[in-house]
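Q: Encoded as structure tokens, here's the structure I'll be asking about.
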Amino acid sequence: ERIRRRDGPPIALRPPEVDLSDDFPSDRVPLPDGVRIVSSGTLSQEGSGTIATMEFLTKDSVEDVADFFASELPGNGWSDATNINSDGSVFMSFSASDGAENVALTIAPSEQYDGYTQVDIVVTFGQ
């Protein structure tokens, strides 16, 4: 989505949306409704497991997104390990009961897109 300026190139209002990586464990890491996925990928290394990453934008507030994950992830087998609030941003991490899988989230107001919250998620599994 872009707007035209009279004196220059178009300005992006939002980045293009991408598909969620097939390897992202969406059955264990649910996402809020209405998010705009802007990046998603996985890295696997034999013997080391898999790292799945994704970033999304949402119109929901930082607090609402943090509350969503704080209530949804424990019901999907994750234990809350860390929750840090700093300068309007939230860092959260969760681990599976066996300790072999982890989820880390950074939730902050988007610096590029006014009115949006940016969420970065890193999931490590299969170690």
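Q: Roughly to the nearest percent, how much of the accessible area of the chain is carbon and sulfur, given a 1.4 Å probe?
A: Taking all protein chains in place, the chain shows 44 percent carbon and sulfur surface.
Q: Using only DSSP helix segments of four residues or longer, with each worth -39500 (n - 2.57), what per-residue ellipticity at 222 nm results for the chain after dividing by its residue count and rounding to 500? List each step's numbers first, then the result.
A: Values: 1 runs with 11 residues, N = 127.
Theoretical 222 nm ellipticity from helices: -2500 deg cm²/dmol.
Q: Could you report segment 49-125's accessible area per residue, 1.4 Å probe, as an integer in Å²?
A: Heavy-atom accessible area per residue stands at 48 Å².
Q: Next question. With every atom except the alpha carbons ignored, what do you get for Rg and Dmax of segment 76-127, in angstroms?
A: 12.8, 40
Q: Another one. Starting from segment 38-127, pick out the GluC sites (Glu not before Pro) whose DSSP state is loop and whose Cβ has at most 15 other Cβ atoms within 10 Å.
A: Glu46, Glu111
Q: Which angle between 0 and 90 degrees, to the nearest 10, do you get for helix 62-72 versus the longest principal axis of the chain when only C-alpha atoms count?
A: Helix 62-72 sits roughly 30 degrees off the main axis of the chain.
Q: Suppose R0 equals 25 Å; then what is the FRET efficiency for Glu46 and Ala96 from their Cβ-Cβ distance, rounded to the nearest 0.05?
A: That pair, Glu46 with Ala96, gives E of 0.75.
The values are calculated or read from the model by the stated rules, or taken from the named source; none is laboratory data. Please read all numbers here as calculations on a predicted model, not as lab measurements. All Cβ positions, even for glycine, are placed from backbone atoms using ideal geometry, and neighbour counts span all protein chains on display. Heads up: the accessible areas ignore ligands, DNA and RNA and are worked out on the full protein's heavy atoms, side chains in. Shrake-Rupley method; radii C 1.70, N 1.55, O 1.52, S 1.80 Å.
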